[in-house]
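Here is the structure we will look at, set down as C-alpha cells.
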Number of protein chains: 2
Amino acid sequence: MVSQPIPPKSLRVIAKPNTIRWGAADPIKRGAIVGTVSNPKQRNVIGTHAGGYSVYEGLAVASGQLDPQHQPNLQHTQPVVAMRPNAAWRNRERIVTLDPWGAMTTEVFAPLYEQGYNIRPTIAITRATLNMPEIQQAVQSGRLEPDGEILLADGGLRVTKFAIEPVWYLPGIAQRLNVREKALRRALHDHTGGMYPELISRFDLKVFLPPIGGATVYLMGDHAAIAEQPVTVRVHDECNGSDVFGSDICTCRPYLIHGLEECIETAQSGGVGLTVYTRKEGRALGEVTKFLVYNARKQVGDEAEGYFERTECVAGVTDMRFQELMPDVLHWLGVKRIDRLVSMSDMKYDAIVESGIEVLNRIPIRADLIPADAWVEINAKKAAGYYDGSTD
Amino acid sequence: MVSQPIPPKSLRVIAKPNTIRWGAADPIKRGAIVGTVSNPKQRNVIGTHAGGYSVYEGLAVASGQLDPQHQPNLQHTQPVVAMRPNAAWRNRERIVTLDPWGAMTTEVFAPLYEQGYNIRPTIAITRATLNMPEIQQAVQSGRLEPDGEILLADGGLRVTKFAIEPVWYLPGIAQRLNVREKALRRALHDHTGGMYPELISRFDLKVFLPPIGGATVYLMGDHAAIAEQPVTVRVHDECNGSDVFGSDICTCRPYLIHGLEECIETAQSGGVGLTVYTRKEGRALGEVTKFLVYNARKQVGDEAEGYFERTECVAGVTDMRFQELMPDVLHWLGVKRIDRLVSMSDMKYDAIVESGIEVLNRIPIRADLIPADAWVEINAKKAAGYYDGSTD
C-alpha cells in the first residue's frame, strides 16, 4: 500500500479555507472572511457585507439590475498606503470588531481568489483633499499655517482615508462586554426582532457582519510614523444634524473641527493626526430617538439636570455607543500612545486607556467654539463627570 | 337565548389591533406598526425599530444596561408642528416606504397605548437653528439677505426637522419595482445572507422595518403652506466624505449648500423649502465600495468615460439608490408641485414626475460651486444624460 503524501501545511489549510482562526498571525491560517452570497458553500460568517446596504442589493437583484453571481473586479482598488501588520493583528482579544486583513484581501488571499472564492475587502484606503470652510477660515485668519504638503495655501487639507466595515468576532465581543457568548448571541437575536437565526443556531460560526455603519479614519501625516512620532486623536461619533447641518443644539461639528485643527498641527510637526468618524448617530440610539428627546428636553425646560434623564425616559438608556469596542481601530493602526486626545468623554478616555493605550494629554473643546444653545449639553456632561480640563 | 351584542365597529378593530390594513384612511383601522420586541405577541411586522441600531440594543440588553421590557415614556416628545393627513396617506400605492402616522402614534393610537401596546414613533419632528459657515458667508457677502425670521442676521437658519425611519409595505415596494412580492422577498432574504427568515416564511406579515438608514427633512418656511405656495426641493443622498469633510472629488456638499440657499430664498418669499437628506452613502453601495472605486478610477486614469464603468466593475451596478422609492416623503408632506427642483439627476426627476408631482423648473448646480477635482464627475454625469440646464 502506497502511503498518502502529506501535503505541505499551507496547502492543507487552503484545502479547508473556510475555517476562521481569529487572531492567527498568518492570514492564510487565519482564513478569509467570506460573507458574499454568490456561493453559499464558501460562506463562513453570519450576515453579509456593506452593512444595511445589503438590503439595497436585495432590491437590485429582485429588479434584475444586479447579477446575483457578480464577482467584483478588484483590479486597481488596492490601498494607497501599505499597511504593515502589528502585534495587535495577531492578538485575538485586542481587535474583535474589524478584520485587520480587510484592506489587503487581494494580496494575502490571492490563492483563494484563484480557487474562485468571492472575497470582498472590508476596508478600503484612498486619498483626498478636503475643502472645509472652517479650516479655510483658520488659514485666512492665521490660526493655521499652510505648509504646502498637508495643509495647502487655499486651506485644502490632504488626508488618507480609511473606510472600515464592522467584522465582529463574537467570542471577543462577549469577552469585551463581560458576558457569555451565548447570552450575547441570544440578545442580539431577540433584540433585532430575530435577525439572523444563525446567531442562536450556528455556534460554529463565530464571525458576524452586522448591518450597522462602520468607521472612517481621516489620517493626516505619514501613517508609518504612528509608532514613533506624536499622535493626536479625535474619535468622533456621528451627529448628522451638527456634522453636516451645523445644528446649534450641540457641539459636534465645532468639536470635529477642533479635532481636525489639532490633528493638522501635530502632522505639521512630524507627527500623525487621526480623526476617527464612527457611524453611531445620536449615541447609537438613532435620529428619531434623538429628535424625540430634543422635544422632551425643550418642553420640560431644557436644564442640564434633565439632559440625560430625558434620553433614559425615551430610550431606556442614555447611551448605547459601547466605547469599549472603539479602540480596535487605534490598535489596528498601531497606536500605542496618544499625545493629545481631543475629547472630554470619560467613556472614550477610559476605553482607550483600559485597552492598553497610554494617553498623555486630554484636550477639551475651546470655549469659543461652543454655540450659545449648546451650553446645556456641555454643563450636563461636566455634571456627569466629563473631563473639562479645569482640574488638570 | 340572549343574542350577543355587536360591538361598535371601532371597538371590534381594536380587539384585533395587530392587523395592518395599509392605506386605510382611519389610523385605528389601518392599525399601528408594532415592531418592538418587548412583547412578541403584539408584533405585526418583520424586523424592529431604529434601523441597524437595534444591534446596539442587543448589546445593551446583553450587558444588562437596557431592560428588555422597557416601554418608552413618550411624554412631551410630540411633533412641534401639527401634521395634517392628506390624500396620499390613504393611498396604498403612493406611500410605501414610511408610515404616514409614524409621527402621531401617541395621538392616534392612544387606545392601544392604554391597552399596553408598545408602539414606537417612526418619525420625530423638532426645530433647530443651523449654523453653517457657507450660509453665514452668503449673508456676509450679501448673496442672502437675513429676514430675522427664517434667516437671522448672524446667518443662523431656522428649520423644522423631520427624522424618518423606513417602514416598508412589501406589496407596495414590489409593485413600485415592477416585480412579484414573492421574488422581492426571496431576493431580500438571500442577498442579506438570510436576514429575517420571515421574509420567506411569513407572507401574512406585509410590513418590513429594514435595518437601513432613513431620511431627514429640513423644512424652511411654514409647512402648512406646501399645498398653496411655491415649493423648492433638494433631495440629497448622503455622501459623508463631502457633506461633512468637504472631499474635493465630488460636488455633494457644494450642491447641498446650493440647495439650501434656494430653499431659503423660496421660504423668504412665502413659499416652502425642503431639503431631504437620505442615508444612501455612495449611491447606496456603502463607503468601502466607494473608496475602492476611487482608487480604481485614479489608477486607470480618471476620465469621465470610466466614471460609471469602474463602479460597475466593483459593485456590479452603478447605482442602487432606487429613486422610485424616494418621492414618498414628498407625498407624505403634501407636495403636489415643485417650482424649483435643485438637482441634475434624471433618476430623481423621472421618479418624482412619474409619481405624479409636477416639476416646473430644474436647477443645476452653479458652476462656481464645483471643486476643480469634481469636473470629472460632472462631465461623466452630463455624458450619461444628467440634466445640465444647457438645453433649457
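The values are calculated or read from the model by the stated rules, or taken from the named source; none is laboratory data. Model, not experiment: these values are computed from the prediction. FYI the Cβ positions are ideal-geometry reconstructions off the backbone, even for glycines, and counts take in every protein chain you see. Note: areas computed on protein heavy atoms with side chains; ligands, DNA, RNA excluded. Shrake-Rupley method; radii C 1.70, N 1.55, O 1.52, S 1.80 Å.
Data overview
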| item | result |
| --- | --- |
| Global form of the stretch A:19-138, assessed from the alpha-carbon gyration tensor, a/c cut-off 1.5 | oblate |
| Alpha-carbon centroid distance for the pair the stretch B:245-299 / the stretch B:97-167, whole angstrom | 19 Å |
| Debye, to nearest 20: dipole size of chain A, +1 on Lys, Arg Cβ, -1 on Asp, Glu Cβ | 1900 debye |
| Exposure ranking of A:THR106, A:THR36 by accessible area [1.4 Å probe, largest first] | A:THR106, A:THR36 |
| Proportion of all alpha-carbon pairs of the stretch A:272-317 beyond 17 Å (%) | 39 percent |
| ³J(HN,Hα) computed for each position of the stretch A:366-372 - Karplus, 6.51 cos²θ - 1.76 cosθ + 1.60, integer Hz, glycine/proline x | 6, 4, 6, 8, 8, x, 3 |
| Whole-Å distance, taken between Cα centres, linking the stretch A:173-203 and the stretch A:20-96 | 21 Å |
| Cys with no candidate disulfide partner in chain A (beta-carbon separation under 4.7 Å rule) | A:CYS250, A:CYS263, A:CYS313 |
| Candidates B:ASP368, B:ASP222, B:ASP204: whichever shows maximal mean-square fluctuation once chain B is modelled as a Gaussian network with Cα springs under 10 Å | B:ASP368 |
| Accessible surface, 1.4 Å probe, highest first, among residues A:ARG186, B:ARG180 | B:ARG180, A:ARG186 |
| Taking the stretch A:313-392 and dividing mean pair separation by its residue count, relative contact order in percent (alpha carbons under 8 Å, at least six apart) | 29 percent |
| The stretch B:60-154 - charge dipole about Cα centre, Lys and Arg +1 at Cβ, Asp and Glu -1, debye rounded to 20 | 380 debye |
| Relative contact order of chain A, defined on C-alpha pairs under 8 angstrom at six or more residues apart (%) | 15 percent |
| Other protein chain Cβ atoms within 10 Å, averaged over every residue that makes up B:308-315 | 4 |
| Shielding by other protein chains, A:116-127, mean Cβ within 10 Å | 4 |
| Of the GluC sites (Glu not before Pro) in the stretch B:197-243, those whose Cβ has at most 16 other Cβ within 10 Å and which sit in DSSP loop | B:GLU228 |
| The stretch B:17-155, relative contact order [Cα under 8 Å, separation at least 6], % | 23 percent |
| Amide N proximity, the stretch B:125-141 versus A:GLN140 label position 7 Å along Cα-to-Cβ, cut-off under 14 Å | B:133-141 |
| GNM top mover of A:PRO254, A:PRO111, A:PRO100 - chain A, alpha-carbon springs below 10 Å | A:PRO111 |
| Carbon/sulfur fraction of accessible area - the protein assembly as shown, other protein chains in place, 1.4 Å, % | 48 percent |
| For chain A, built as a Gaussian network whose Cα springs stay under 10 Å, the top-fluctuating residue of A:LYS206, A:LYS382, A:LYS336 | A:LYS382 |
| The protein assembly as shown, dipole about Cα centre (Lys/Arg Cβ +1, Asp/Glu Cβ -1), debye to the nearest 20 | 3380 debye |
| Sites matching GluC sites (Glu not before Pro) across the stretch B:94-173 that sit in DSSP coil, with at most 12 neighbouring C-beta atoms within 10 Å | B:GLU149 |
| Under Karplus coefficients 6.51, -1.76 and 1.60, residue-wise ³J(HN,Hα) of the stretch B:193-207 in Hz, glycine/proline x | x, x, 5, 6, x, 4, 4, 10, 10, 10, 5, 6, 8, 9, 10 |
| Most positive-pole-ward Cα, B:VAL353, B:LEU219, B:TRP89, against dipole of chain B from beta carbon charges | B:TRP89 |
| Local electrostatic count, B:PRO100, Cβ distance below 10 Å [Lys/Arg +1, Asp/Glu -1] | +1 |
| Across the identical copies, how the A:ASP67 labels are spaced - nm, sorted shortest first, 7 Å along Cα→Cβ | 5.5 |
| Teacher prompt: B:PRO40 distances to equivalent labels in other copies, 7 Å Cα→Cβ, nm | 2.3 |
| Amide hydrogen neighbours beyond the local backbone of A:ILE46, cut-off 5 Å, H modeled | A:VAL207, A:PHE208, A:LEU209 |
| Per-residue ³J(HN,Hα) for the stretch A:176-189, Karplus 6.51 cos²θ - 1.76 cosθ + 1.60, θ = phi - 60°, Hz, x for Gly and Pro | 4, 8, 6, 10, 6, 4, 5, 5, 4, 5, 5, 5, 4, 5 |
| Buried area at the B-A interface (accessible, heavy atoms, 1.4 Å probe, summed, Å²) | 9400 Å² |
| Whole-number accessible area per residue in Å² for the protein assembly as shown, which is evaluated in the context of all protein chains at 1.4 Å | 37 Å² |
| Considering only the protein assembly as shown, percent of DSSP beta bridges that pair antiparallel, nearest 5 | 60 percent |
| Nm distances between copies for B:ARG92, ranked from closest, using label points 7 Å along Cα→Cβ | 5.3 |
| Amide proton proximity set for A:ARG234, modelled H, under 5 Å, gap of 5+ | A:LEU274, A:THR275, A:VAL276, A:VAL342 |
| The stretch B:182-298: radius of gyration over Cα atoms, expressed as a fraction of 2.2 N^0.38 Å | 1.41 |
| Kirkwood Rh (inverse of mean 1/r, distinct Cα pairs), the stretch A:336-392, angstrom | 12.1 Å |
| Long-range tail of P(r) for the stretch A:45-202 (Cα pairs > 19 Å, %) | 70 percent |
| Per-residue mean of C-beta atoms belonging to partner chains within 10 Å, peptide A:207-213 | 5 |
| Distant-in-sequence amide H partners of A:ARG21 (H built 1.01 Å from N, under 5 Å) | A:GLY31 |
